[in-house]
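The values are calculated or read from the model by the stated rules, or taken from the named source; none is laboratory data. Because the structure is a prediction, the values reported are computed rather than measured. We place every Cβ from the backbone using ideal geometry, glycine too, and count neighbours over all the protein chains shown. Each accessible area value is taken on the protein alone, full model and side chains, heavy atoms only, with ligands, DNA and RNA left out. Shrake-Rupley method; radii C 1.70, N 1.55, O 1.52, S 1.80 Å.
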Amino acid sequence: MSDTVSEVEGYLGSIDEGRAKVLRPYFERAREIVDGAAEGRSYGMPALIYRGKALISLQATKAGYSAYPFSGVAVSIVAAAHPELETTTGSVHFTSRHPLPLDVFDELVRARRDQIDANIATP
């Protein structure tokens, strides 16, 4: 990681400005929700890290955007409550025309945070 550019900002600076403008608020929101989230990388993606575990990454894709909570469990929890979402086992997909609502994103981040907390708390 560079001393002057964070992992997330480095990634956002490497993609089209319009696409970065879509993703930036999600990263900012995750930082607000999870106190102590730091930047890093997981599976080669810039991510927010919480308690040493990958919390969330967001990526611009060919078809739009994807949120990766590094947990099929977190995705399945949110997908069950919001069946209209386009998901895979480990990601939630959205577009500029159909953005991921912040309250749904919050649920995804909280589900992953809670999973990390539960795994850390277990001996």
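Miscellaneous remarks
- FRET efficiency for Lys62 and Ala38, using Cβ-Cβ distance with R0 set to 30 Å, rounded to 0.05: 0.55
- Fully extending the segment from Arg51 to Thr88, taken as 0.36 nm per residue of separation minus the present Cα-Cα distance, adds 10.8 nm.
- Residues whose placed amide H lies under 5 Å from that of Glu39, excluding near-sequence neighbours: Ile49
- Solvent-accessible area per residue in the chain equals 55 Å², computed with a 1.4 angstrom probe and all protein chains kept.
- Computed [θ] at 222 nm, deg cm²/dmol, the chain (DSSP H ≥ 4; -39,500 (n - 2.57); rounded to nearest 500): -14500 deg cm²/dmol
- Residues in the stretch 64-72 carry Karplus couplings, in order, of x, 8, 9, 10, 10, x, 6, 7, x Hz; the curve used is 6.51 cos²θ - 1.76 cosθ + 1.60 with θ = phi - 60°, and Gly or Pro positions show x.
- Only the Cβ atoms of Lys and Arg (+1) and of Asp and Glu (-1) were treated as charged; on that basis the dipole of the stretch 13-56 about its Cα centre amounts to roughly 140 debye.
- Working from Cα pairs under 8 Å separated by at least six residues, relative contact order for the chain is 20 percent.
- Dipole magnitude of the chain, debye to nearest 20 (Cβ charges: Lys/Arg +1, Asp/Glu -1, about Cα centre): 220
- Of all accessible heavy-atom area on the stretch 71-123, the percent that carbon and sulfur account for (1.4 Å): 57
- Loop trypsin sites (Lys or Arg not before Pro), the stretch 19-123 (other Cβ atoms within 10 Å of the site Cβ: 13 or fewer; DSSP): Lys62, Arg97
- With all projection directions averaged, the alpha carbon convex hull of the chain covers 7.8 nm².
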